[in-house]
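This report refers to the structure that appears directly beneath it.
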Amino acid sequence: MRVVAGEAKGRPLKAVPGNGTRPTTDKVKEAIFSMIGPFFDGGVALDLFAGTGGLAIESLSRGAERAIFVDADAKSIEVVRANLKATGFEKQSEVYRNDAERALKVLAKRDTAFDLVFLDPPYRMKNGDELLLRMEESGLLQPGAVIVLEYESSYEYPEAFGSFSLRRKAVYGETAVSIYDWEPQNDAEEQEDSAEEDSEA
């Protein structure tokens, strides 16, 4: 594993020992960023099941301003810290050992909102949409936020839920990746109202 592009291009990344994590391959990572970026002008990223931290590190390399890494596993947290040190992104990052639901509660109290969210939970977990709805309810998303949801390809998530809409889905063997856009419904309603007013005028 390595950083595919940007400031830290080519830097190798450590893997988490054992079979407990399933790192995103370089091929899939490259495909993800060609769909969502490929480069960023600032913004804050959240990697909620960080594993090696490879996805949010890639976003930092490609121009994201800050990233928060969360994982419940102590080995993963050690690897994330080592990979941040190796790529030089320690000062732009915060790393927390916590489970996803608790982490979202903590982040909601900090008045933090994200432009980019990576969700790559263990395949046994099928609650990516529930976690995203919780983020929506807690005010954790910036208008226009992009979400990358990685999951087992035999499973199907809905194309739309809450204020999330599917931009694109791709399948790579056992792995599926869905890219969602988040736009708060109030903004969309206001745009519709103003369009109606314009047409009446």
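The values are calculated or read from the model by the stated rules, or taken from the named source; none is laboratory data. Keep in mind it's a predicted model, so treat the numbers as computed, not measured. Positions of Cβ are generated from backbone atoms using ideal geometry, with glycine treated the same way; all protein chains shown enter the neighbour counts. The area values use the complete protein model at the heavy-atom level, side chains included, leaving out ligands, DNA and RNA. Shrake-Rupley method; radii C 1.70, N 1.55, O 1.52, S 1.80 Å.
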### Task
Classify the range 1-118 as rounded, prolate or oblate, taking a ≥ b ≥ c as the square roots of the eigenvalues of its Cα gyration tensor: rounded when a/c is under 1.5, otherwise prolate if a/b is larger than b/c and oblate if not.
oblate
### Summary
Whole-Hz Karplus couplings 3J(HN,Hα) for the range 73-90, θ = phi - 60° and coefficients 6.51, -1.76, 1.60, Gly and Pro as x, run 9, 4, 5, 4, 4, 4, 5, 4, 4, 5, 5, 5, 5, 5, 9, x, 10, 4
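How compact is the range 71-123 by the rule of thumb for globular proteins, expressed as Cα Rg over 2.2 N^0.38 Å? Can you show the working numbers first?
On the way: Rg = 12.1 Å, N = 53, 2.2 N^0.38 = 9.9 Å.
The reported ratio for this selection is 1.22.
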### Task
On the full set of protein chains, 1.4 Å probe, figure out the accessible area of residue 2 and give it in Å² to the nearest 10.
90 Å²
### Query
Mind listing the phi-derived Karplus ³J(HN,Hα) values for the range 34-43, rounded to whole Hz, using 6.51, -1.76 and 1.60 with θ = phi - 60°, and x for any glycine or proline?
6, 7, 9, x, x, 10, 10, 10, x, x
### Message
Give me the one-decimal nm value for the distance between modelled label points at residue 34 and residue 154, 7 Å along each residue's Cα-to-Cβ direction.
### Response
2.8 nm
#### Entry: Mean shadow area of the range 40-83, taken as a quarter of the surface of its Cα convex hull (nm²)
2.5 nm²
### Task
May I ask you to evaluate 6.51 cos²θ - 1.76 cosθ + 1.60, the Karplus curve with θ = phi - 60°, for each residue of the range 117-125 and list the ³J(HN,Hα) values in order in whole Hz, giving x for glycine and proline?
10, 10, 10, 10, x, x, 4, 5, 8
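Please compute the Kirkwood hydrodynamic radius of the range 107-181 from all pairs of different C-alpha atoms, in Å with one decimal. Before the final figure, lay out the partial values.
Values: mean 1/r = 0.0788 Å⁻¹.
It is 12.7 Å.
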### Query
Amide H neighbours of residue 4 under 5 Å, counting only residues 5+ apart in sequence or on other chains, H built in-plane at 1.01 Å?
10
### Task
Name the long-range amide H neighbours of residue 125: under 5 Å, sequence gap of 5 or more, or other chain; modelled H, no Pro or chain starts.
none
